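Taken together, the values in this text are just the output of simple stated rules run on the coordinates, not laboratory data. Treat the numbers as computed from the prediction; the structure is a model and nothing was measured. Because the Cβ atoms are built from the backbone with ideal geometry, glycine has one as well, and the counts that use them run over all protein chains shown.
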Amino acid sequence: MDTGCSTSPGKLARLASHSATASQVSHVIRRADREDAREGVGWVSGAMSGRGWREAVPTGISSRERARGNRHPCLSDAATRYVRMHALLCARPCFSLDPSMPTSTTAFAAFLFLVHCVGVLAAGHAVLTVRTSPGAIAWAISLITLPEFTLIPYLIFGRSSFAGYVDARRFHNARLREITLSDDWRRLRDHESAVVAPQHACMQALPRLTGMPCLSRNRVRLLVNGAETFEAIFAAIREARRVLIVQFFIVHDDALGRRLAEALLERARAGVRVYFLFDRIGCHALPRHYVRQLEAGGVMARPFSTHAGFVNRFQLNFRNHRKLVVVDGERAYVGGHNVGTEYLGEHPPLAPWRDTHIEIVGAAVMDLQLTFAEDWYWAAHEVPQLIVPKVRPDEDMVCQVVASGPADPQETCSLFFVEAIQSARKRLWITTPYFIPDEAVFAALRLAVLRGVDVRILIPARPDHRVVFHASTLYAHQAIRAGVKIYRYQPGFLHQKVVLIDGEAAAVGTANLDNRSFRLNFELMVVTADTRFANDVAQMLEADFAEAARIGRDEYERAHPVRRVIMHVAKLFAPIL
């Protein structure tokens, strides 16, 4: 059947079978258009400019013909191939051959151009802000070459500096300075600031590192596992008369969580000023009615959100991992426990849950309040009420509060571990649920072994996060080859974060031996320099090591090849684990 357009497709077919320049193609298109216009069937050459197949089909084609194949009978396969060839010759984005799905290639090209421009800017930001050279190089290359796939992950995981928190700290520091320079606070700091003894080598650099003084006149007590910890916390809450500070990373709406809520509401009804701060990411499963109930009862409840501010809107990295309870400015509780029945050892297969908290009475409670004040100001834009500690315990334990986070001018947490490891001369025992050390910490462990220090690290035998567990296992094997003794705790899941340095000092708190604690989370550790307390910690850890199995030097070689591959793949995610 002659439809009047056989001339054009023929020429198109010849062009499709031979190489042709863009000018030759355009000339044939214009000539074909003129011929078809005289014969009543019009080629719309605009289709060749990338506006789609619907306009490329000759005018007058029926809907039935469209349904048969979405093409006019006069269009040969060669002509169809030509349409694609022309798009390439003219350097135009390819377009859809489906008339039911028209696309705007110009808008799509503009979008891709914009994404690549943003990718280049993000790559520059990564070079300037990512703290490690390998990380900066990896982000920069991926953002420049494949921004379509890496831009959103960079917004979520890439940054290691908490924009906004530094500014908030600077703005409210003036108000905190007024409080801390008052006569009562200044007298306490001046009177209780300790001159670090030479035997407490681990304490030498910490005051300058943290910006907080090393304080004497403290009493520190170990709280082993959940039952002992929460009984002590609830007993202290019942005695609160003026101000109660409660901060946790995770709070569950279970039996323990509801018990905490009831205790806070009861104190609020009694006229106590109650502050409750929780991490928004850690408490993502906490129902809204839990918080609304507290607020309705007079408790000042706020989430610590890292989404505040435009540049943090997509950020999931920065989490407030601190766990802190302060009662009337005199008694404080710090450690690894969150609020949930699993921390009481009631959730198999991780049960029994092994964790450690400490109770502090004395001058160090002052610095713990200041740490909370910074977090509260970020969440609520106000400075909480702070109380100067009045209790002077008979014990003279020296304490150093180590508060770290992504807003610090240096990597406080990593440097703290390096300093603690380097100060050890005879014994260095560490317990951590996640063992993913950075290069500085790993080098410090190697040097400690070379000095003849008894370096032991206790990690879990049961995983709570599979990827982290496999990465930790690989790092453990590497540490074993360096001479470190690695043990796996057998009875249940090990969650405590404890460092024992010789027989002189010990640290207990929230920081794990991983990159997330080193650079991404807000953490809190308390170092206590006292031989009696260090002896108590040593006895506790000896009992833990007695229930642990040492990892052999040949365990890695005996592992299945697939398992070794899994460990190495998991290690690739170490920067965000």
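Descriptive notes on the structure:
- The slack between A543 and V383, meaning 0.36 nm per residue of separation minus the straight C-alpha distance, is 53.3 nm.
- Each of R466 and H289 was given a label point 7 Å from its Cα along the Cα-to-Cβ line. The distance between the two points is 3.4 nm.
- Per-residue packing, averaged as other Cβ atoms within 10 Å, sorts the ranges 113-121, 525-533, 396-404, 509-517 into the order 509-517, 396-404, 525-533, 113-121, beginning with the highest.
- 5 angstrom amide H check on D514, placed H, neighbours 5+ away: I436
- Ranked by how many other beta carbons lie within 10 Å on average, peptides 444-451, 280-287 from highest: 444-451, 280-287
- Between R258 and E555, the contour length at 0.36 nm per residue exceeds the Cα-Cα span by 102.5 nm.
- Reachable lysines, given that their alpha-carbon falls under 17 Å from the alpha-carbon of K426 and they are not under 8 places away in the same chain: K485
- Reachable lysines from K390, criterion Cα separation under 28 angstrom, eight or more residues apart if same chain: K323
- Between the amide H of R425 and those of D502, distances stay under 5 Å, these residues lying 5 or more places away or on another chain, with hydrogens modeled in the peptide plane.
- The gain in end-to-end length when the F111 to E228 segment is fully stretched comes to 36.3 nm, 0.36 nm per residue minus the alpha carbon separation.
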